[in-house]
Amino acid sequence: MKFMTFVTAGLLLCAAAWPGEPGKSLGRKYSTLERMTPERLAAQAADVARIQADRQSVGRSLGLSDRRAIAHAHAQDSAHTGGTLPEMLADAKKADVSIVLLSNHHRPPFDFIDDNWRGLHEGVLFIPGSETNGYLVHPMKSVMGVMDKSDAEIVAAMTEGEGLIFLSHIEERFSHSMEGLSGLEIYNRHADAKDDMNIFAPIMAAVTDPKKLADFGALLEKYPDEMLATQLDYPELYLSKWDQETATRRLTGVAANDCHHNQVFVSKMVDADTVLVGTIVDPDDGMRTFTAKQFPGIAELTKGHQPGDIVARLDFDPYYRSMRNVATHLLTNELTEDAVRAALHAGHAYVSHDWMCDATGFYFAGRHTDDAASAAPRAVMGDEMKVGAGLLLVTEFPAECHIRLIRNGEVVQEADGRELTHDVKQAGVYRVEGFLTVDGEMRSWVYSNPIYVRE
C-alpha cells in the first residue's frame with residue numbers, strides 16, 4: 001500500500017483531533033501530536049542547537065571516507081511520487097549527500113536500470129534500482145526479462161555479479177526468508193508514518209482554516225526538521241529482524257528514506273464553499289470533500305480564488321528535509337559505483353538521523369590491547385574478527401550520547417558520553433546504538449552495522 005492511500009484513509013478518520021497515545025518506542029515520552037505543539041517543538045529545537053554546538057570531530061579514524069548516502073529514493077517514477085530527478089539532485093547537494101540509490105517502482109516499458117540516471121551528476125553519484133516484489137534491488141544490468149519470474153529467480157538475477165538486494169518494509173514481511181539477500185532496511189520513514197495516522201487531524205484542520213493554516217505553516221517553517229521527526233520511533237521490529245537473521249548470516253543494514261516529495265497537503269477550491277483536501281499527488285476523485293458548513297474557515301480561504309485553485313498548502317517532505325532526517329553513511333575512499341557496491345556488500349556502513357547532529361566520523365572498530373593508538377583498526381563495521389585475549393571493541397561518537405553495545409540482540413554494555421570500550425570475552429554479533437536526549441526524550445540517533453566476532 002502506498003502513502004497516498006494512507007493519506008486518504010487518515011483524512012477520512014480525522015474529522016477532529018484526538019489526543020493519541022505515546023508510542024512504545026524506546027525513550028518515548030510524548031505522543032506525536034504532543035511533539036508537534038509549539039512548546040515541544042521549541043524545546044526540541046533548543047536541545048538540537050545545543051547538541052550541534054557541542055559537536056566535536058571524532059579523534060579516531062577508520063581509515064575510510066565517510067560519505068552520506070540515501071537509499072529507497074523515488075523521483076518521477078509513479079503517480080504517487082511528487083518529486084523530480086533534478087529536484088532530488090539539487091536537494092542532495094544542499095544536504096551534503098554524495099550517493100543516491102534510486103528505487104523506481106517497476107512500470108514497464110520504462111527500464112529502471114537502462115532508462116534511469118546513472119553515474120555522477122554534478123558531484124552526486126546516482127545508482128539506479130527499483131522497489132519491487134518487497135525488495136530494494138540494484139542489479140548490475142537490466143533485468144526486465146525476469147521481473148515476472150519466481151522469487152528465487154528474481155533474487156538470483158538481482159545478485160548476479162555485484163548486484164544488491166535488500167528486504168524492504170519489514171513490518172509487512174517480518175518472516176520473509178533472507179536467503180541470498182544482501183541485507184535489509186533497519187529503519188523506514190514510511191513505517192513510522194503508518195504508525196501515526198492521527199497526525200492528519202491537525203493537518204486537515206490547518207488546510208481548512210486560514211488562521212490555523214498560518215499558525216501551522218509558521219511552525220513548519222520555523223521547525224522543519226523537528227516537524228518531520230515528530231513520528232520518529234526506535235525501529236524495534238526492524239532491528240529485531242536484523243538481530244535474528246545476523247545470527248546465521250552477514251546482512252547489511254540500511255536506512256529507507258522512502259522519499260517521494262509527496263507529503264504536500266493541499267486544499268483545492270471547488271466553489272466558494274467547497275474544497276477538496278488531499279496531497280499534490282492525489283487525483284480529485286481520491287481527495288476528501290469538505291464544505292464551509294463543516295468548516296467555516298473554508299469560505300475565507302476561497303475568497304478571491306477560482307475553482308481549481310490551490311487555496312492552502314503545507315509541504316512536509318522536500319527531499320532536502322528527508323535526506324537530513326535519516327541517511328546511510330558508507331565507508332569508502334572512492335566515489336564510484338563499484339566502491340559503493342563493495343561497501344554495501346561488506347557492511348561498511350551505519351545509519352544516522354542527522355537532523356539532530358551530523359554523525360559523520362562515527363567510529364566503531366575492533367582493536368587489540370597491544371595496538372598503538374595510531375594503528376589502523378583490525379576490523380570495521382561489517383568485518384569479522386576472531387575472539388581471543390586482548391580483543392577490544394571501541395566506539396566513539398561526535399557528540400555526547402547514550403551508548404548501547406548489543407551482542408546477539410541483547411544489551412551487554414551501556415554508557416553515557418562520547419566513547420565506549422568493551423573487552424570482548426565471547427564470540428557474537430556486536431553492534432552499537434547511540435541516543436540523543438531531545439526535550440527529555442531519548443531519541444534514536446545512530447545504528448552501526450555489526451562486527452562479527454567468531455570462534
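Details
- Pair list, Cβ < 9 Å and 6+ apart or interchain, from the stretch 140-154 residues that are more than 24 Å from Arg118 (Cβ to Cβ) to residues that are among the small types (Gly, Ala, Ser) and part of a loop (DSSP other than H, G, I, E, B): Asp151/Gly134; Asp151/Ser177; Ala152/Gly180
- Of the criteria (1) assigned to a helix (DSSP H, G or I); (2) under 16 Å from Phe265 (Cα atoms); (3) in contact with a strand residue (DSSP E or B) (Cβ under 7 Å, 6 or more places away or on another chain), which one Thr208 fails: (1)
- Selection count, the stretch 372-392, where residues are free of Cβ contacts under 8 Å to residues at least 60 places away in the same chain and in a strand (DSSP E or B): 1
- When Leu89 is tested against (1) assigned to a loop (DSSP other than H, G, I, E, B); (2) over 16 Å from the mean Cα position of the chain (by Cα), just one condition goes unmet, and that condition is (1).
- Applying the criterion of being among the polar types (S, T, N, Q) and within 19 Å of Gly253 (Cβ to Cβ) to the residues of the stretch 399-455, the residue that is surrounded by the most Cβ atoms within 10 Å (Cβ to Cβ) is Asn449.
Results for (1) more than 16 Å from Asp315 (Cβ to Cβ); (2) touching a Pro at 6+ places or on another chain (Cβ under 7 Å), shown as yes or no for each residue.
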| site | (1), (2) |
| --- | --- |
| Lys194 | yes, no |
| Met204 | no, no |
| Val207 | no, no |
| Leu219 | no, yes |
| Lys222 | no, no |
| Tyr234 | yes, no |
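- Qualifying residue in the stretch 196-205 (condition: in a helix (DSSP H, G or I), in contact with a strand residue (DSSP E or B) (Cβ under 9 Å, 6 or more places away or on another chain) and at pLDDT 95 or above): no
- Restricting attention to the stretch 235-276 and to residues that are surrounded by fewer than 21 Cβ atoms within 10 Å (Cβ to Cβ) and of a type in the set (Ser, Thr, Tyr), the residue that is farthest from Ile70 (Cα to Cα) turns out to be Thr274.
- Residue check for Thr395: without any contact (Cβ under 8 Å) to a residue 24 or more places away in the chain, out of contact with any Pro (no Cβ under 6 Å at 6 or more places or on another chain) and not aliphatic (A, V, I, L, M): no
- Residue in the stretch 176-190 that is in contact with a Pro (Cβ under 7 Å, 6 or more places away or on another chain) and modelled with pLDDT of 95 or more present: yes
The values are calculated or read from the model by the stated rules, or taken from the named source; none is laboratory data. This is a predicted model, so every value here is computed, not measured. Neighbour counts are summed over all protein chains in view; Cβ atoms, including those assigned to glycine, are modelled from backbone coordinates with ideal geometry.
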